[in-house]
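Enquirer: This is the structure I have questions about; it appears just below.
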Amino acid sequence: MKTKRIKTKKEKLILLLDIAVIIVCILRSLGNYKFFAEGFAMVKEFSGSNPFMSCLLIFYMIWLFILYIAIKNFIILAIYLAYRIPKKRIIKHNTKYEVIENIDYFRERFTGITPPEISLLTDLEIETKKDLAASILNLYNKKVISFDSKNKMVVNKDVNTDHLKESDSYLYSLLLNNNLDIISVKKWKEISTKEAIEDGYIKEKNREKRYGFNDSLLTIFRWVGIMFLAGIIGGGYLVTPPGQKLMKNMEEYETITKDIKDQDVIVDMIKEDKDFRKLTYDLYVGSIPVCLVGTFAVIALFALFSMPFYLRARKITYFFVDANDKYERTPEGKILVEQIVGMKNFIHDFSNLSQSEKEEVVLWNDFIIYAILLEENEKIIHEILKIKKMDVNILDNVNTQVIDLSNNKD
């Protein structure tokens, strides 16, 4: 069965978090910046006009710096990876869907489906800000709420909510009583999830806890295996002719430099002695395979040393990462999610439509809601709002009020 994946902003957020963690680790590792500054200065002296030698030595300095960062921050990295690895895996799994009807574009209204149900089907998770904003605009389309001349939300009283689904009716009562807080939003999510289950789009996964003692042992054995494999490959390389030549060059280099304590003297020798310069060059080139294999060995060793911190953090992250991964799509949900992705593709190409096609599309009051739920860019959303003759500030005000109301009570 062919599968595709839905692109979500969650993966971009993880990438930004990766960058933030790397920056923190680099900043914590700049205490020995003099060593690396002197190293790069030495690169300039070593390489002269040889660009290959320059690249080679820069590679070695970067390699050493990365290893130093890993060793210096191994506890931080272990704890972060305990969150990052399962989170990334769950996102990739939940955004994957089976191609059943081979739909590229879908441009029909999703009747009887609430915004949080659509959001659930895309990645099996309800996201507070965008899904609340879409749900509030859905109530606006149903004339349950309105906006005054200043685009401030007005909740219409004495509205007959019999035509609303339970989640919409509950959200209406929260807005009416200005009672949108963390607890009530959590309950709204639970009601929305229950509706998706009752409508037959998602179901609870039939699985037991996936992380336990056996998983811990498997992780440890995996890294031990990588370390031993790196050792075997490295040892095997050293008995080959290139490896034997490397060992011979290392012995010769050590013999020549064993009594030299000043690095500047070695730099001068490289400049003035062609034979010593060639020896150094051959030594660096020949050691590339050893460094590459050694990198895997060091990473495996680092992983084993950090394993106690990783495993402890992993047990904690299980309860708010893996344990929340409770649902999967039903056969009906698998068909619907492909239609939702077809709608996402259609909205994505909205700017390419002719004006007459746009006028036809905007007859659907739900169109802007789909654009918000499916995380299309602000330019397209604002363009749709303008064509629908809705003030572009409405969405910004809805988002602001969602945040304000959510912070109203803790």
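Enquirer: Checking K258 against (1) over 20 Å from Y60 (Cβ atoms); (2) of a type in the set (K, R); (3) at pLDDT 85 or above, only one condition comes out false. Which one?
Expert: Of the numbered conditions (1) over 20 Å from Y60 (Cβ atoms); (2) of a type in the set (K, R); (3) at pLDDT 85 or above, the odd one out for K258 is (3).
Enquirer: Let me ask something else about it. What are the residues in region 257-314 that are within 37 Å of the chain's Cα centre (by Cα), farther than 30 Å from G236 by Cβ and not in a helix (DSSP H, G or I), if any?
Expert: none
Enquirer: Follow-up. Consider T219 carefully, then state whether it is within 17 Å of P115 (Cα to Cα) and either part of a helix (DSSP H, G or I) or aromatic (F, W, Y) (or both). Spell out how you get there, then give the answer.
Expert: Details: within 17 Å of P115 (Cα to Cα): no; either part of a helix (DSSP H, G or I) or aromatic (F, W, Y) (or both): yes.
It is false that T219 is within 17 Å of P115 (Cα to Cα) and either part of a helix (DSSP H, G or I) or aromatic (F, W, Y) (or both).
Enquirer: Given (1) surrounded by fewer than 14 Cβ atoms within 10 Å (Cβ to Cβ); (2) out of contact with any Lys or Arg (no Cβ under 8 Å at 6 or more places or on another chain), identify the lone condition not met by N179.
Expert: Exception for N179: condition (2).
Enquirer: Would you mind stating whether E332 is assigned to a strand (DSSP E or B) and surrounded by fewer than 19 Cβ atoms within 10 Å (Cβ to Cβ)?
Expert: Considered against the rule, which asks whether it is assigned to a strand (DSSP E or B) and surrounded by fewer than 19 Cβ atoms within 10 Å (Cβ to Cβ), E332 comes out as no.
Enquirer: Something else about it: Take D158 and tell me if it is of a type in the set (D, E) and at pLDDT below 90.
Expert: yes
Enquirer: Looking only at region 182-212, count how many residues are among the small types (G, A, S), surrounded by fewer than 16 Cβ atoms within 10 Å (Cβ to Cβ) and at pLDDT 85 or above.
Expert: Residues meeting the conditions: 1.
Enquirer: All but one of (1) in contact with a Gly (Cβ under 8 Å, 6 or more places away or on another chain); (2) surrounded by fewer than 18 Cβ atoms within 10 Å (Cβ to Cβ) hold for E251; state the number of the condition that does not hold.
Expert: Of the numbered conditions (1) in contact with a Gly (Cβ under 8 Å, 6 or more places away or on another chain); (2) surrounded by fewer than 18 Cβ atoms within 10 Å (Cβ to Cβ), the odd one out for E251 is (1).
Enquirer: Here's another thing I want to ask about it. Please go through (1) modelled with pLDDT of 80 or more; (2) more than 29 Å from V99 (Cβ to Cβ) for K326 and return the number of the only condition it doesn't satisfy.
Expert: Looking at each condition in turn, K326 falls short on (2).
Enquirer: Among what's in region 26-55 and is at pLDDT 70 or above and either in a helix (DSSP H, G or I) or surrounded by fewer than 16 Cβ atoms within 10 Å (Cβ to Cβ) (or both), pick the residue that is nearest to the chain's Cα centre (by Cα).
Expert: Step by step, filter region 26-55, then rank; the result is I26.
Enquirer: Could you please tell me which pairs satisfy a Cβ distance under 8 Å, a separation of 6+ or placement on different chains, a first residue in region 246-260 that is farther than 12 Å from F276 by Cβ, and a second residue that is modelled with pLDDT under 90 and of a type in the set (A, V, I, L, M)?
Expert: L246/L238; L246/L283; L246/V290; M247/L238; M250/L283
Enquirer: Can you tell me which condition G286 does not meet? The list is (1) surrounded by fewer than 17 Cβ atoms within 10 Å (Cβ to Cβ); (2) touching a residue at least 24 places away in the same chain (Cβ under 8 Å); (3) out of contact with any Asp or Glu (no Cβ under 9 Å at 6 or more places or on another chain); (4) farther than 21 Å from L218 by Cβ, and all the others hold.
Expert: (1)
Enquirer: Could you please find all residues in region 219-236 being surrounded by 15 or more Cβ atoms within 10 Å (Cβ to Cβ) and within 14 Å of P289 (Cβ to Cβ)?
Expert: Passing the criteria: A230, G231, I233, G234.
Enquirer: Then there's this: Can you pull out every residue in region 214-252 that is more than 13 Å from S287 (Cα to Cα), touching a helix residue (DSSP H, G or I) at 6+ places or on another chain (Cβ under 8 Å) and among the aromatic types (F, W, Y)?
Expert: Selection gives W223 alone.
The values are calculated or read from the model by the stated rules, or taken from the named source; none is laboratory data. Because the structure is a prediction, the values reported are computed rather than measured. Because the Cβ atoms are built from the backbone with ideal geometry, glycine has one as well, and the counts that use them run over all protein chains shown.
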